[in-house]
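Input: a single structure, listed below in structure tokens.
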Amino acid sequence: MKKLTGKQIRERWISFFQSKGHQYIPGVSLVPQDDPTLLWVNAGVTGLKKYFDGSEIPPCRRIVNVQKSIRTNDIENVGHTARHHTFFEMLGNFSIGDYFRNEVIPWAYEILTNEETGFGIPVEKLYFTYNPMDKDTHDLWRKCGVPEDHLIPLDGNFWEIGEGPCGPDTEMFFDRGEAYDPNHLGIKMLQEDMENDRYIEIWNIVFSQYNSVAGKKRSEYKELPSKNIDTGSGLERIACVLQGTETNFETDLFTPIIEATKKLTSLPYEGNYKMCYRVIADHARCLTFALSDGAYFSNEGRGYVLRRIIRRAMRYGKKLNIQGTFMHKLIDVVCDEYGAFYPNLLEKREFVKTLVKAEEERFLKTLTSGEELLRKKIDGKSFLEGKDAFLLYDTFGFPFDLTKEICLENNVEVDEAGFNAAMEEQKQRARAAREDVNSFKKQSADLLAFNLPSNFDYEHTCLQAKVIGLFKDGVKVDELDESGEVVFDTTCFYCISGGQVSDAGYIENEHARAHVNALSKAPAKQNLHHVELEYGKIKVGDTFTLHVDEAKRALTARNHSATHLMHAALCEVLGTHVEQKGSFVNDEYLRFDFPSLSKLTREQLSKIEAIVNQKIFEAIEEKTLILPIEEAKKLGAEMEFSEKYGDLVRVVTFGEFSKEFCGGTHVRNTSDIGLFVIESETSVAAGIRRIQARTSLGAIAYLNKKRSLLEGIASTVGAASEEEILPRIKSNAKTMEEMDKSIKTLKDKLASSSAKSLEDEFEEHNGRFLFVKMLKGMGRQDLLTLGDRLKVLHKDSLILLLGDNNALVCFATGDVASSIGAGKALKEAASFLQGAGGGRLEMASGSYKDASRLEEAKQSLVKLIS
């Protein structure tokens with residue numbers, strides 16, 4: 001068995017599947033980019049969903065990757081068990097409508113057992129589970145050389161999450177031997193799916209081949225037209241097996257971090273101290289990777305998860321007698337060990353260390369006072385009331401998770417229901433006080449009273465400004481050390497207005513740095529910057545440098561200016577009656593709603609698109625005019641009648657082509673927009689249509705996506721170029737029509753031949769003839785064609801045929817038709833087959849669910865015609 005390092009395992013995995021025609025695609029960021037349902041990327045397939053669901057054409061239908069993953073649903077187990085981690089690496093190989101079971105199983109066997117190209121694990125140390133329905137997988141493992149007694153059928157080997165693609169899976173286990181089987185249960189632990197430390201699951205292959213439908217049995221699921229392979233193998237588990245360690249934590253993936261932690265304390269890595277070391281090592285990896293990928297500490301969502309992780313690690317550091325801050329010192333170790341494969345860690349090293357140290361300092365104040373108070377409350381008691389746990393959390397910032405852990409260690413029960421009730425009450429109070437970030441003016445007396453002037457600077461995206469107001473949930477404060485609202489004497493951050501989203505970015509000085517996540521208007525129209533501190537504090541009077549995300553601002557401005565040009569183009573194509581009924585502009589796309597009783601034609605959309613691009617090509621200079629409202633109206637500027645305007649208004653013009661009242665940000669010249677494409681035109685309400693479009697880089701990405709789609713279609717239909725696609729499709733359609741005619745003729749001939757060959761299978765009962773048969777490979781139409789041929793063979797007959805896709809048909813002739821009828825006969829048979837149907841005297845059709853009682857159905861028909 002190969003004793004490979006974590007680095008070597010990654011390299012061997014990638015090179016092995018590259019030799020099988022796979023393309024290596026680096027894993028995606030731990031922070032999900034296009035999936036709001038996910039807190040973290042938590043599996044190897046997560047970044048490939050767009051290929052599996054067909055929303056994007058993959059660069060290659062065979063993919064291999066190593067995906068960073070975070071799962072924190074059972075964080076309390078980290079350190080207690082041998083294999084629980086918050087952060088882990090998942091090795092994966094994937095087929096998107098390409099290879100399937102026959103290829104992947106031999107490859108899996110090869111990489112697991114081959115000394116030269118794989119991991120060289122002896123087959124006698126491997127066990128394989130499979131779904132009992134999946135005999136093909138069983139037979140393939142046997143063909144590879146797996147002994148029969150190493151194959152375990154388990155009903156649970158079926159991957160299914162709601163409706164949609166699903167299928168059986170096969171799992172691979174490594175046997176670590178009797179030393180990890182104190183009760184000598186052996187293979188029973190696998191057969192009964194028991195949690196154990198002897199048989200370690202190291203790989204899972206999912207055969208995504210069926211479509212799950214609610215209310216149906218799995219045996220009734222239909223096969224997918226495009227079958228996929230999705231696999232996952234934990235790097236940490238493979239390393240534990242190949243390096244022969246007691247747990248994952250003794251592999252080279254963790255030992256450098258544990259060794260660095262040892263230098264911070266005199267306590268050894270043994271006994272009860274092992275858990276402390278393991279928690280710290282695991283959490284150091286998780287923090288380093290997550291923060292490097294753009295996450296940051298906060299009181300919500302993934303930011304709260306990270307805050308919980310660092311506080312848990314620090315608490316275990318205290319158990320090792322480590323004083324003060326220390327987690328930031330371990331960041332270098334993680335970066336040094338993993339930086340070669342993940343260069344992003346090296347680029348973000350110093351920034352991550354700054355974030356971690358600032359968070360540690362913040363928590364030290366909480367940890368000492370909070371733990372002392374908690375211990376006083378539970379001293380000599382067996383129960384902690386929910387209101388006390390909430391007081392620790394709400395007033396002193398002491399995490400409820402740590403409260404539970406400390407209470408568990410001291411055999412004290414925690415009133416979790418009481419804590420949750422107090423938390424919900426607090427949320428309701430916050431909602432009542434705040435409603436949402438745009439409603440402070442309705443709820444906050446402090447904001448209503450705040451009237452210091454604040455200016456917005458259109459010209460710059462970076463400037464220095466002084467803090468003139470600080471608020472926490474609308475309440476005035478003197479300083480912020482976490483999240484809150486900031487007002488500056490001047491700002492370059494645009495606040496959401498007129499359909500354009502707020503800017504994003506950050507503020508910083510030598511003592512503090514904070515993300516600007518959103519903006520809203522205070523009652524006196526100042527821009528409220530909703531910030532999340534990374535480190536330091538913000539005080540009234542402090543000076544900060546404000547940094548707007550320039551890339552986002554530029555893309556948003558291009559989309560906003562294009563919206564004006566499109567509005568003018570709509571008026572030109574449809575008429576001057578076209579007015580804005582709503583719009584939305586961000587850095588990715590633009591939307592514009594307008595009145596129209598009918599769907600725009602392809603020609604109209606093409607003309608609008610061409611007009612806008614012509615104006616972009618003409619390089620028209622943008623000019624902004626500040627005018628009295630009546631003078632602005634005389635210019636003929638478009639205005640939104642639902643908006644309320646002051647005496648002075650801002651008019652954005654692009655020559656004589658476009659003039660609009662607007663407070664948003666724009667390009668200096670139409671040529672800056674680059675390119676404009678319409679993505680869709682849809683109905684959003686009665687008489688209201690919506691156009692969604694993209695510009696600049698977004699337009700290029702959209703066109704590239706369409707090009708990839710066309711190239712895929714061209715390849716599928718055998719066209720040498722995009723221009724040949726339509727002629728080739730028409731040609732193929734004509735060929736298919738001719739083939740359908742030929743197939744129909746052949747089927748008729750085959751049905752006649754089949755009917756003749758089946759004539760001897762008719763059974764005679766008192767002068768009447770009965771034919772009952774299950775015919776695999778024949779659909780409903782095939783059964784009808786065959787039935788038409790069979791019914792002419794005997795004058796008085798009853799014919800029942802079962803085929804694929806639960807098709808059921810029945811024919812009756814002569815006096816059987818007149819006295820019984822095909823419809824009655826089919827219903828009689830269907831009662832045994834869990835089916836239904838009906839029809840005429842001569843012919844009936846329906847469907848069945850279970851053919852296991854076909855013989856009983858046949859005997860019932862014998863009685864019916866006898």
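What follows is calculated from the coordinates using simple rules that are stated; it is not laboratory data. This structure is a prediction, so every number in the text was calculated from the model and none was measured. Cβ atoms come from the backbone with ideal geometry, glycine included; neighbour counts cover every protein chain shown.
Name the residues whose placed amide hydrogens come within less than 5 Å of the amide hydrogen of LEU384, ignoring near sequence neighbours (fewer than 5 apart) on the same chain.
GLU413, VAL414, ASP415
Taking every pair of distinct Cα atoms and averaging 1/r, then inverting, what Kirkwood hydrodynamic radius in Å comes out for the range 579-704?
It is 15.8 Å.
How about the range 482-535: which GluC sites (Glu not before Pro) there lie in a loop by DSSP and see at most 13 other Cβ atoms within 10 Å?
Of the GluC sites (Glu not before Pro), the ones in loops of the range 482-535 whose Cβ has at most 13 other Cβ atoms within 10 Å are GLU510.
Here are some pairs, LYS705/LYS734; LYS607/LYS633; LYS827/LYS858; LYS472/LYS525; which of them have Cα atoms lying more than 21 Å apart in this structure?
LYS705/LYS734; LYS607/LYS633
Measure nothing but the geometry: give the 0 to 90° angle between the long axis through the Cα atoms of 854-865 and the longest principal axis through the Cα atoms of the chain, rounded to 10°.
Long axis of 854-865 versus the principal axis of the chain: about 50 degrees.
Work out from phi, with θ = phi - 60° and the Karplus expression 6.51 cos²θ - 1.76 cosθ + 1.60, the ³J(HN,Hα) of each residue of the range 699-705, listed in order in whole Hz, and give x for Gly and Pro.
Taking θ as phi minus 60°, the curve returns 5, 5, 4, 5, 5, 5, 5 Hz for the range 699-705.
Identify which of the listed values of Kirkwood radius over Cα pairs in Å was calculated from the structure shown: (1) 27.4; (2) 33.3; (3) 30.6.
Computed from these coordinates, Kirkwood radius over Cα pairs in Å corresponds to label (2).
Take the alpha-carbon centre of the range 662-702, take the same for the range 302-361, and report the distance between them in whole Å.
About 43 Å separates the Cα centre of the range 662-702 from the one of the range 302-361.
I'd like the orientation of helix 725-757 relative to the chain: the angle between its Cα long axis and the longest Cα principal axis, in ° from 0 to 90, rounded to 10.
30
Is the C-alpha gyration tensor of the range 513-559 telling us rounded, prolate or oblate? Criteria: a/c under 1.5 is rounded; beyond that, a/b larger than b/c is prolate, otherwise oblate.
In terms of gyration-tensor shape, oblate.
Restrict the search to the range 193-254; then list the trypsin sites (Lys or Arg not before Pro) that DSSP places in a loop and that have at most 13 other Cβ atoms within 10 Å of their Cβ.
For trypsin sites (Lys or Arg not before Pro) across the range 193-254 that sit outside H, G, I, E and B with at most 13 neighbouring Cβ atoms in 10 Å, the list reads LYS216, LYS217.
Starting from 0.36 nm per residue, how many nanometres of slack lie between LYS50 and ALA421 once their C-alpha separation is accounted for?
Numbers: separation 371, 0.36 × 371 = 133.56 nm, distance 3.99 nm.
Fully extending the segment from LYS50 to ALA421 adds 129.6 nm.
According to the square roots a ≥ b ≥ c of the eigenvalues of the Cα gyration tensor, what is the shape class of the range 13-153, taking rounded for a/c under 1.5, prolate for a/b larger than b/c otherwise, and oblate for the remainder?
Oblate shape, in that a/c is at least 1.5 and b/c is the bigger or equal ratio.
Checking the a/c ratio against 1.5 first, then a/b against b/c, what shape does the Cα gyration tensor give for the range 268-363? Could you put the intermediate results ahead of the total?
On the way: a/c = 1.86, a/b = 1.28, b/c = 1.45.
Judged from the Cα gyration tensor, the range 268-363 comes out oblate (a/c at least 1.5, b/c at or above a/b).
How many lysine pairs are close in the range 1-150, with Cα atoms under 19 Å apart and the two 8 or more places apart or on different chains?
7
5 Å is the cut-off here: which amide hydrogens, built 1.01 Å from N in the peptide plane, fall below it relative to LEU528, excluding neighbours closer than 5 in sequence?
HN-HN under 5 Å from LEU528: SER520, LYS521, ALA522.
Whose amide H sits under 5 Å from the amide H of HIS765, counting only residues 5 or more places off or on another chain, with H placed in the peptide plane?
When sequence neighbours closer than 5 places are left aside, the close amide H contacts are LEU770.
Calculated from DSSP H runs of 4 or more alone, at -39500 (n - 2.57) each and per residue, what is the 222 nm mean residue ellipticity of the chain, nearest 500?
-12500 deg cm²/dmol
Could you tell me how many degrees, from 0 to 90 and to the nearest 10, lie between the Cα long axis of helix 327-338 and the main elongation axis, the longest principal axis, of the Cα atoms of the chain?
It works out to around 50 degrees.
Any chance you could run the full-extension gain for ASP136 through LEU775? It's 0.36 nm times the residue separation minus the Cα-Cα distance, nm to one decimal.
Net length gain for the segment: 227.8 nm.
Tally the DSSP beta bridges in the chain and give the antiparallel ones as a percent, rounded to 5.
Roughly 85 percent of the beta bridges in the chain run antiparallel, per DSSP.
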